[in-house]
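Here's the structure we're looking at; comments come further down.
The values are calculated or read from the model by the stated rules, or taken from the named source; none is laboratory data. In this text, all values refer to a predicted model and were calculated from it rather than measured experimentally. Cβ: placed from backbone, ideal geometry, glycine included. Neighbour counts: every protein chain shown.
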Amino acid sequence: MKILYEDNHLIAVEKPPLVLTQPSPTCSESIEQELKVFIKKRDSKKGNVFLHAVHRIDKEASGIVIFAKTQKALSRLSQAVREKKIRKEYYALVEGKGLKRGRVVDFLFHEHHKAEVVSENHVGAKRAELEIIQCEKSGTLWLVHVLLITGRYHQIRAQLAHLGHPIAGDSKYGSTVSFDGIALHHMRCTFPHPTQQTECEVYSLPSWCSRGM
């Protein structure tokens, strides 16, 4: 676990692939629980450690996760999420040919732990929007820089796969490439600090990307 930023109100870490952000009903092991144990020991805390994820990323993916260390920070950062004041950017390695930059708008339906691109009129469909900021060839794959505009379940995975560019390692969405987890990494997060009149930016380059775009 790599700490990217920390102050009295929040902490940002780099989550490795194949680890949950928060405990689930079927698995108590998570980066949140590991971080609580770490902080309790490091700071010699006698009571419980307050720590809560402001957002989550998929178990299979890697990258930045921000945790609130106080109730005030959690409330204000949660409000920033609702007001779409948090900017999230990702790197992905994808398969396919002819990938282009631009805005991608679909409608997604979530069922059986998977997202599917459906028509706008489909019952339960939700608008999903992202932007491919940049893409370049990386061996037999494409390195893609994605700005996430809406935050739907498995959104980037489903939308890129629908374009014919499944993320490397993501067999659920059609990838035929082996990978440790999936090649999707939350690489930059920009957000208003919960107690200061400043904007924070946290950056994390994935191990499989030798340089930034």
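Let me spell it out: the conditions are (1) outside any helix (DSSP H, G or I); (2) touching a residue at least 12 places away in the same chain (Cβ under 8 Å), and residue 47 meets all of them except one. Which number is the exception?
Exception for residue 47: condition (2).
Read through the list (1) in contact with a helix residue (DSSP H, G or I) (Cβ under 9 Å, 6 or more places away or on another chain); (2) more than 16 Å from residue 194 (Cβ to Cβ); (3) hydrophobic (A, V, I, L, M, F, W, C); (4) buried (at least 18 other Cβ atoms within 10 Å of the Cβ), then give the number of the only condition that residue 53 fails.
Unmet condition: (2).
The rows are residues; the columns are (1) among the polar types (S, T, N, Q); (2) closer than 25 Å to residue 156 by Cβ.
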site: 13; (1), (2): no, yes
site: 21; (1), (2): yes, yes
site: 26; (1), (2): yes, yes
site: 42; (1), (2): no, no
site: 47; (1), (2): no, no
site: 53; (1), (2): no, yes
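Please work out which residue is nearest to residue 87 (Cα to Cα), limiting yourself to the stretch 151-166 and to residues that are among the aliphatic types (A, V, I, L, M) and assigned to a helix (DSSP H, G or I).
156
Looking at 45, 36, 41, 85, which is the one that is touching a Pro at 6+ places or on another chain (Cβ under 8 Å), of a type outside the set (Gly, Ala, Ser) and farther than 25 Å from residue 169 by Cα?
None of the others qualify; the one that does is 85.
Condition test on residue 77, is it modelled with pLDDT under 95 and buried (at least 18 other Cβ atoms within 10 Å of the Cβ)?
no
Starting from the stretch 83-96, take each residue that is within 10 Å of residue 137 (Cα to Cα) and list its partners that are in a strand (DSSP E or B) and hydroxyl-bearing (Ser, Thr, Tyr), counting only C-beta distances under 8 angstrom and pairs at least six apart or across chains.
Within 8 Å, the pairs are 93/138.
Which condition from (1) modelled with pLDDT of 95 or more; (2) among the aliphatic types (A, V, I, L, M); (3) more than 24 Å from residue 180 (Cα to Cα) is the one that residue 65 breaks?
Unmet for residue 65, out of (1) modelled with pLDDT of 95 or more; (2) among the aliphatic types (A, V, I, L, M); (3) more than 24 Å from residue 180 (Cα to Cα): (3).
I'd like the full set of residues that are within 23 Å of residue 139 (Cβ to Cβ) and either free of Cβ contacts under 8 Å to residues at least 60 places away in the same chain or surrounded by 14 or more Cβ atoms within 10 Å (Cβ to Cβ) (or both), limited to the stretch 189-213.
Those that are within 23 Å of residue 139 (Cβ to Cβ) and either free of Cβ contacts under 8 Å to residues at least 60 places away in the same chain or surrounded by 14 or more Cβ atoms within 10 Å (Cβ to Cβ) (or both): 204, 205, 206, 207, 208, 209, 210, 211, 212.
Conditions (1) under 28 Å from residue 79 (Cα atoms); (2) not hydrophobic (A, V, I, L, M, F, W, C), marked per residue:
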site: 138; (1), (2): no, yes
site: 154; (1), (2): yes, yes
site: 160; (1), (2): no, no
site: 189; (1), (2): yes, no
site: 197; (1), (2): yes, yes
site: 209; (1), (2): no, no
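Which one of the conditions (1) in a strand (DSSP E or B); (2) of a type outside the set (Ser, Thr, Tyr); (3) crowded, with 22+ Cβ neighbours inside 10 Å does residue 182 fail to meet, given that it meets all the rest?
Evaluating residue 182 over (1) in a strand (DSSP E or B); (2) of a type outside the set (Ser, Thr, Tyr); (3) crowded, with 22+ Cβ neighbours inside 10 Å leaves (1) as the failure.
Scan 88, 72, 100, 84 and give me the residue that is under 16 Å from the mean Cα position of the chain (by Cα) and surrounded by fewer than 16 Cβ atoms within 10 Å (Cβ to Cβ).
Of the residues listed, the single one that is under 16 Å from the mean Cα position of the chain (by Cα) and surrounded by fewer than 16 Cβ atoms within 10 Å (Cβ to Cβ) is 84.
What number of residues within the stretch 143-167 satisfy the criterion of being crowded, with 23+ Cβ neighbours inside 10 Å and among the small types (Gly, Ala, Ser)?
Result for the stretch 143-167: 2.
Step by step: first the residues of the stretch 28-50, then only those that are surrounded by fewer than 15 Cβ atoms within 10 Å (Cβ to Cβ) and of a type in the set (Lys, Arg), then the one that is nearest to residue 7 (Cα to Cα). Which residue is that?
42
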